1. Ratio of the range 189-252's C-alpha Rg to 2.2 N^0.38 Å, to two decimals?
2. Arrange the residues L406, L360, L47 by how much accessible surface each exposes, largest first, with a 1.4 angstrom probe.
3. Taking θ as phi - 60°, what are the ³J(HN,Hα) couplings along the range 328-343 by the Karplus curve (6.51, -1.76, 1.60), each to the nearest whole Hz, with x for Gly and Pro?
4. Volume per residue, Å³, of the convex hull around the alpha-carbon atoms of the range 440-516?
5. Just the ratio, please: alpha-carbon radius of gyration of the range 151-242 over 2.2 N^0.38 Å, N its number of residues.
6. Using a 1.4 angstrom probe with every protein chain in place, what is the largest-first accessible-area order of C219, C24?
7. Consider all pairwise Cα distances in the range 328-419 and report the whole-number % of them above 21 Å.
8. Toward the positive end of the charge dipole of the range 151-242, about the Cα centre and with charges on Cβ (Lys, Arg +1; Asp, Glu -1), which of C219, M200, F175 goes farthest?
Amino acid sequence: MSSSTPSTANGTDDKKYKGERSPCDPSRVLHIRRVPIEVSEAEVISLGVPFGKVTNLLMLKGKNQAFIEMASEEAAITMVNYYTTATPHVRNQPVYIQYSNHRELKTDNLPNQGRAQAALQAVSAMHSGNMTLSGTATASDGGMMPGQSPVLRLIVENLYYPVSLEVLHQIFSKFGTVLKIITFTKNNQFQALLQYADPMNAHHAKMALDGQNIYNGCCTLRVEFSKLTSLNVKYNNDKSRDFTRLDLPSGDGQPTLDPSMQTAFGAPGIISSPYPGAAGFAPAIGFHQAGLSMQTMPGALGPLTIPSSAMTGRMTIHGMAPTTIHSVLLVSNLNPDSITPHGLFILFGVYGDVHRVKILFNKKENALIQMADATQAQLAMSHLNGQRLYGKVIRVTISKHQTVQLPREGQEDQGLTKDFSGSPLHRFKKPGSKNFQNIFPPSATLHLSNIPPSTTDDFLKDLFASSGYTVKAFKFFQKDRKMALIQLGSVEEAIQALIDLHNHDLGENHHLRVSFSKSTI
């Protein structure tokens, strides 16, 4: 073969090629590198199927390479664009895809092409049959399980830390190409539908991930096959995404994160490359050192341990360089005549464990509040920023301080700085505690619990009324008289009543527990 220039060198470059080379012009033939030797033809074909018809395939197993030919150049371009933002994995190994010098694959006279042709026919038959997998098996090895869908339904239980669409994409991409994800809340549970390129990927992911925790001790994944065989995604935003179509509108649905959260979590709806060199993946709120090394556990997701040292420190957010997001909040526009460190401890303690509170000596309408970790700080900020407290609308932002300093011996402080780290009133000390599932925004209806058996509704109504609150309605839970709901005159009243009466001694060794309710009476 006499080849003077690369353009006429019919693939000799590919044979010589070792390191990175300059990208070629778009071609409908794609060159796939670092293909694990045990991979089947069907698995390689499944990388291309989401983007259009795959018309030919050449496996070079000895070289850990493959060539795949798409029916159109457009399909190949879409595929390369998609895989530059999300590295595809086959059998848990990353593979690399680029345009080939070849314009088409001529494989008719090559030995061992029978299996490739059989796999191509099986896959195209399966797709023309619109994914009704009535027991059809694809290539002889890596065959299809009968009756399986490429769509999984996920439920996340014990949702202690927020789980985003990006986190799910990162975790599930380890098992194959994720095409589409739709997230939603149903029956008060965070759920998602996730479509793979190939039902085989869905099968592997279900086997490996069902019952695993995303973070240590919480966010448990329940994975099952969906009855749907494909998903229809209309908008690309933080709730739903079609990774094969970056042209979709973001829709005018309200984003779930308020703007202050968005700045912390990176703009949703942008697929940005995961951190370079992360072992396995870092979670959305990937606490420093908590990355999960997939190499050590092929195909399984070990629980992410979150070292306590890391809790207060660095957070890495998907698509952003690891940044230090602090667990200290700055609260401003407080009413200096009414607020105390204890009051702030009780109120912010609804959303996380408050370790220290400092009301600023020179500017008493401002306070610093140190939470147990950055996630709790985010939660408190998103729920309490803009609420009315003692007649003033308070502002809550993340402070630039990493810790709240205690006053030195002999330094005058007037009791404005308090350390609550050893308080018995923390609600979130126990991992997986029920309290994690009962975090709701401030509301005029309060949930009361830990009520002694002899307590009457009149006693509780009088307790709130005598403290200066308007009681609009009250009812005990039918099944459990240890709990009740009480509706007050306004959200502001309820916030103040929670500060005043949480932990109130009701006698009989019972202290009243007060939280915001999600329901009304």
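1. On the way: Rg = 13.7 Å, N = 64, 2.2 N^0.38 = 10.7 Å.
Compactness ratio reported: 1.29.
2. L406, L360, L47
3. 9, 9, 9, 10, 10, 6, 6, 8, x, 6, 10, 8, 9, x, 5, x
4. Hull volume normalised by residue count: 79 Å³.
5. Working it through for the range 151-242, the quotient is 0.98.
6. Details: C219 0, C24 30 Å².
Descending order: C24, C219.
7. 22
8. Looking along the dipole axis, the top candidate is M200.
The values are calculated or read from the model by the stated rules, or taken from the named source; none is laboratory data. Because the structure is a prediction, the values reported are computed rather than measured. Note that we place each Cβ from the backbone using ideal geometry, even for glycine, and neighbour counts take in every protein chain shown. What goes into the accessible areas is simple: the full protein's heavy atoms, side chains included, and nothing from ligands, DNA or RNA. Shrake-Rupley method; radii C 1.70, N 1.55, O 1.52, S 1.80 Å.
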